[in-house]
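Notes follow once the structure below has been shown.
The values are calculated or read from the model by the stated rules, or taken from the named source; none is laboratory data. This one's a predicted model, so the numbers in the text were calculated from it and none came from an experiment. Neighbour counts are summed over all protein chains in view; Cβ atoms, including those assigned to glycine, are modelled from backbone coordinates with ideal geometry.
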Amino acid sequence: MSKHLTLGALSCQKSNPPGAVGTSIALETLLLHSSVDSKFYRNDGGIHVLVCSRGGGGLLAERMELVAELWEDNIKAEFVPVRDPSLTEQYEYANDHDIKCLVVITDTGVSQKGSLKVRHLELKKEKEVEREILGRFLSEAMTTQFRNPSIWN
């Protein structure tokens, strides 16, 4: 009988609630909301361009070289990491990555004229720019967020 009493006493002790209170944090939820919120307040404070190619088999080496030159001018630049992307693929990449400014190189522009086309997708403006002054043009255009009409003349 004492055996039953002992088991009964133990079962009563086990049913008592714990003496401490805790909290749980939904860390995944916090991180999700903080990253969403920070997206709207992020201020990159710089120019972000996509170097594109038209024709010439993708001009991969030329796109890479131009991106490196723009980096030297403190301009954030990238290219679609594909050997010969279509113009549509490059526009979609720009749209997916929220890039509004394109620098388009062509095989004729590279070999003959040394000029490039700068396109602003949001403003629907385009200008042919000499490669030598591209960094300066982009920097000056960015000071007015590309909205000064004189830069497009």
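One table, with the values for the structure above:
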quantity: Of all residues in segment 105-129 being surrounded by 12 or more Cβ atoms within 10 Å (Cβ to Cβ), over 20 Å from the mean Cα position of the chain (by Cα) and at pLDDT 90 or above, the one that is nearest to Val51 (Cα to Cα); calculated: Ile105
quantity: Only one of Ala77, Ala68 that is in a strand (DSSP E or B) and under 19 Å from the mean Cα position of the chain (by Cα); calculated: Ala77
quantity: Of residues in segment 49-61 being surrounded by fewer than 20 Cβ atoms within 10 Å (Cβ to Cβ) and either in contact with a Ser or Thr (Cβ under 7 Å, 6 or more places away or on another chain) or closer than 14 Å to Arg136 by Cα (or both), the one modelled with the highest pLDDT; calculated: Arg54
quantity: Looking only at segment 130-139, and only at residues there that are surrounded by 14 or more Cβ atoms within 10 Å (Cβ to Cβ) and not small (Gly, Ala, Ser), the one that is farthest from Lys76 (Cα to Cα); calculated: Arg131
quantity: Selected residue (only one of Pro81, Pro18, Pro85 is loosely packed, with under 13 Cβ neighbours inside 10 Å and modelled with pLDDT of 65 or more); calculated: Pro81
